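Engineer: Structure incoming, see below.
The values are calculated or read from the model by the stated rules, or taken from the named source; none is laboratory data. Everything numeric in this text was worked out from a predicted model, so none of it was measured. As a convention, Cβ positions derive from the backbone with ideal geometry for all residues, glycine included, and neighbour counts pool all protein chains shown. Note: accessible area is taken over every heavy atom of the protein model, side chains too, but ligands, DNA and RNA are not part of it. Shrake-Rupley method; radii C 1.70, N 1.55, O 1.52, S 1.80 Å.
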Amino acid sequence: MSRKVVRTSKFRHVFGQAVKADQCYDDIRISQMTWDSNFCSVNPKFVAMIVDASGGGAFMVLPLTKTGRIDMSYPTVCGHTGPVLDIEFCPHNDNIIASGSEDCSVMIWEIPDGGLTTSLTDPVVKLDGHSKRVGILSWHPTAHNVLMSAGCDNVVILWNVARGEAAVRIDTVHSDLIYSASWNPDGSRILTTCKDKTMRVLDPRKGTVLFEKEKPHEGSRPIRGVFVNDGKILTTGFSRMSERQVALWDPKNFKEALTLQELDTSSGVLLPFFDPDTGVVYLCGKGDSSIRYFEVTDEAPFVHYLSMYSSKESQKGMGYMPKRGLEVNKCEIARFYKLHERKCEPIVMTVPRKSDLFQEDLYPDTIGPEPSVEADEWFEGKDAQPILISLKDGFVATTRAKEFKVHKSLLKTTTASAGNQQDSSGEVQSLRKEVKDLKAAIEELTKRVSELESKH
């Protein structure tokens, strides 16, 4: 008698659980726009959601601790003149968020610690370069202040945010609407999927196509793609019969998928969220009421179904918390922020373990908030691996004050000097250094005076 052997995996029993009602963010009017982006972005400090706004576009940024009912008069970020389509927090600075809108612009905002006290209308930097609405944003994973945007003008732009300028413009590759654009783990490649039914791997600095695959999914509905471990690519799309599919590809051999599985016949686009530390990919369908999760491994059939989190209410969007924002002592391996029509509900994914001790096998060193290369160096051709951190004692500091000041002055000077490019001359640099040194000296002296005063 043959016994069916079950594949061993420590993630087989991962289960999802919604938090209690008082831990949700209530009474928020989530945007009604029909656009297939996440509508939500989170980090260890804030949760941001695109909201309905009369005239123009707005999004709300709440400190994670501000749960419960949100007052109607709570301030928003409302500088766009058209609806906001996508928002994303900077991975290297928890107070910086980018937004793309129907008004064809990308704006960079700085959120003060503790959240907004008045509505924010003036961005730190405004990036103009698209001729149609901007629906996709993605920060570079390792380079400081590098942002990718893709618009309905079929153009991908890589911005040097600190200088406020478009450094690379990829405008001849895509012949139709771009469905998704994402980076590989070290940001040396871009993966795009497009309405012309072609998936492409691009060299981001040259804007050239390295690999391409026509019709990764036969259907005509939107395709999404993300890089997973070992340079492989996971895509979600539709069959000719409009069944939803998930597939895994090796760019070195695009002829045939490593695996292609059919899931169901729902019509919502599946948004993939991949966790490189555990190899688990979470598929959240826009308009679904469930989150399916799979483990991606090296053994056939490569994408193994684990389980599904189901609920009664459908999701309008989904935010995904970076690893450093999770509670490691509770064996939490992912946390989603699910948007309903009128609220945002955190959903916690947990591996059941008896012990309260730190589980090293669940938490290998993960990507930290430190950039490993500056924007100028990256555009000149320098790639760098992400800087990893250990989560053993929980991750405390999100952004160091020193680094934050530099970042601020960098961004501030760039808005003023974006039009005037002479400021890179040596003379200005030396004057800046002098001013900085003088400020430091004054601070030191003020400190000493106050110390002496308190003694006497």
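Engineer: What is the log10 of I(q)/I(0) for the range 72-223, computed with the Debye formula using one identical point scatterer on each Cα and no solvent, at q = 0.13, 0.14, 0.21 Å⁻¹?
Structural biologist: Reported log10 I(q)/I(0), two decimals: -0.59, -0.68, -1.33.
Engineer: If you don't mind, another one. What number, in percent, do you get for the relative contact order of the chain if the mean sequence gap of Cα pairs under 8 Å and at least 6 apart is divided by its residue count?
Structural biologist: 14 percent
Engineer: Report the equivalent ellipsoid semi-axes for the range 196-321 in whole Å, largest first, defined as the square roots of five times the eigenvalues of the gyration tensor built from alpha carbon atoms.
Structural biologist: 23, 17, 15
Engineer: Follow-up. What number comes out for the charge environment of residue 305, summing +1 per Lys or Arg and -1 per Asp or Glu over other residues with Cβ under 9 Å away?
Structural biologist: So the surrounding residues net to 0.
Engineer: For the chain, taking Cα atoms only, what is the radius of gyration to one decimal and the Dmax to the nearest whole Å?
Structural biologist: 22.8, 91
Engineer: Can you give the Kirkwood hydrodynamic radius of the range 268-387 from its Cα pairs, in Å with one decimal? Provide the component values of the computation, followed by the final result.
Structural biologist: Details: mean 1/r = 0.0611 Å⁻¹.
That comes to 16.4 Å for the range 268-387.
Engineer: Next up: Can you tell me the Rg and Dmax of the range 328-382, counting just the alpha carbons, in angstroms?
Structural biologist: In Å, with Rg to one decimal and Dmax whole: 17.7, 50.
Engineer: Percent relative contact order of the range 1-122, based on C-alpha pairs within less than 8 angstrom and at least six residues apart? Display every interim value, and only then the final one.
Structural biologist: On the way: 215 pairs, mean separation 26.0, N = 122.
Computed value for the range 1-122: 21 percent relative contact order.
Engineer: In the neighborhood of residue 196, defined by Cβ-to-Cβ distances under 11 Å, what is the net charge if each Lys or Arg adds +1 and each Asp or Glu adds -1?
Structural biologist: Computed value for this residue: +1.
Engineer: Considering only 347, 378, 53, whose Cα is most displaced toward the positive end of the charge dipole of the chain, charges sitting on Cβ of Lys, Arg (+1) and Asp, Glu (-1)?
Structural biologist: About the Cα centre, the residue reaching furthest to the positive side is 347.
Engineer: While we're here: Compute, for residue 382, the solvent-accessible surface of its heavy atoms (probe 1.4 Å) with the complete set of protein chains present, and express it in square angstrom to the nearest 10.
Structural biologist: Rounded to the nearest 10, the figure is 100 Å².
Engineer: Would you mind pulling out the separation of the Cα centroids of the range 351-378 and the range 137-154, in Å?
Structural biologist: 23 Å
Engineer: Please give the per residue accessible area of the chain, computed with a probe of 1.4 Å over protein heavy atoms only, in Å².
Structural biologist: Roughly 47 Å² per residue, with all protein chains present.
Engineer: If the viscosity is 1.306 mPa s and the temperature 10 °C, what Stokes-Einstein diffusion coefficient in µm²/s follows for the range 46-124 when Rh is the Kirkwood radius over Cα pairs? Could you put the intermediate results ahead of the total?
Structural biologist: Values: Rh = 12.6 Å.
The calculation lands on 126 µm²/s.
Engineer: Additional query: Hey, got a sec? Which trypsin sites (Lys or Arg not before Pro) in the range 317-352 land in a DSSP loop and have at most 16 other Cβ atoms within 10 Å?
Structural biologist: When the trypsin sites (Lys or Arg not before Pro) of the range 317-352 are filtered for loop state and at most 16 Cβ neighbours within 10 Å, 342 remain.
Engineer: Determine the calculated [θ] at 222 nm for the chain from helices alone, applying -39500 (n - 2.57) to every DSSP H run no shorter than 4 residues and normalising by the residue count; nearest 500 deg cm²/dmol.
Structural biologist: It comes out at -4000 deg cm²/dmol, rounded to the nearest 500.
Engineer: Determine the dipole magnitude for the chain: charges of +1 sit on the beta-carbon of Lys and Arg, -1 on that of Asp and Glu, nothing else is charged, the reference point is the Cα centre, and the result goes in debye to the nearest 20.
Structural biologist: Numbers: 57 positive and 62 negative charges, 183 e Å.
That gives a dipole near 880 debye.
Engineer: About its Cα centre, how strong a charge dipole does the range 65-118 have in debye, to the nearest 20, once Lys and Arg get +1 and Asp and Glu get -1 at the Cβ? Show your work: numbers first, answer last.
Structural biologist: Values: 2 positive and 8 negative charges, 47 e Å.
The calculated dipole for the range 65-118 is roughly 220 debye.
Engineer: Let me ask you something else. Need one value: the accessible area of residue 392 in square angstrom, 1.4 angstrom probe, rounded to the nearest 10.
Structural biologist: 110 Å²
Engineer: List the chymotrypsin sites (Phe, Trp or Tyr not before Pro) within the range 286-362 that DSSP assigns to loop and that have no more than 16 neighbouring Cβ atoms inside 10 Å. Let's see the in-between values first.
Structural biologist: On the way: sites: 293, 294, 302, 305, 309, 320, 336, 337, 358; in loops: 302, 358.
In loop regions of the range 286-362 (DSSP not H, G, I, E or B), the sparsely surrounded chymotrypsin sites (Phe, Trp or Tyr not before Pro) are 358.
Engineer: Could I ask something else about it? With a point put 7 Å past each Cα toward its Cβ, work out how far residue 29 is from residue 452 in nm, to one decimal.
Structural biologist: 6.0 nm
Engineer: So, in Å, what gap is there between the alpha-carbon centers of the range 214-285 and the range 8-46?
Structural biologist: 21 Å
Engineer: Could you please state how large a percent of the accessible area of the chain is carbon and sulfur, counting protein chains only and using a 1.4 Å probe?
Structural biologist: 50 percent
Engineer: So what's the angle, to the nearest 10 degrees on a 0 to 90 scale, between helix 426-455 and the longest Cα principal axis of the chain?
Structural biologist: 70 degrees
Engineer: Separate question: In this model, which of 20/66; 286/312; 232/392; 126/343; 323/392 are farther than 19 Å apart at the alpha-carbon? Please list the in-between numbers first.
Structural biologist: Values: 20/66 14 Å; 286/312 14 Å; 232/392 29 Å; 126/343 29 Å; 323/392 12 Å.
Too far apart for the 19 Å limit: 232/392; 126/343.
Engineer: Express in % the proportion of alpha carbon pairs of the range 1-155 at distances exceeding 21 Å.
Structural biologist: Here the long-distance tail beyond 21 Å is 49 percent of all Cα pairs in the range 1-155.
Engineer: Determine, from the Cβ-Cβ distance of residue 384 and residue 313 and an R0 of 35 Å, the FRET efficiency 1/(1 + (r/R0)^6), rounded to the nearest 0.05.
Structural biologist: Numbers: r = 42 Å, r/R0 = 1.20.
The value I calculate is 0.25.
Engineer: Loop only by DSSP, 14 or fewer other Cβ within 10 Å of the Cβ. Give me the trypsin sites (Lys or Arg not before Pro) in the range 103-142 that pass, ordered by residue number.
Structural biologist: 132
Engineer: Please calculate the 1.4 Å probe accessible area of residue 72, with all protein chains present, and give it to the nearest 10 Å².
Structural biologist: Taking all protein chains as shown, residue 72 has close to 130 Å².
Engineer: Report, in debye and to the nearest 20, how large the dipole of the range 135-207 comes out about its Cα centre when Lys and Arg carry +1 and Asp and Glu carry -1 on their Cβ.
Structural biologist: Details: 8 positive and 7 negative charges, 24 e Å.
Rounded to the nearest 20 debye, it is 120 debye.
Engineer: To the nearest 0.05, what FRET efficiency results for residue 176 and residue 113 with a Förster distance of 60 Å applied to their C-beta separation? Present the calculation step by step, with values, prior to reporting the outcome.
Structural biologist: On the way: r = 42 Å, r/R0 = 0.71.
Efficiency for this residue pair is about 0.90.
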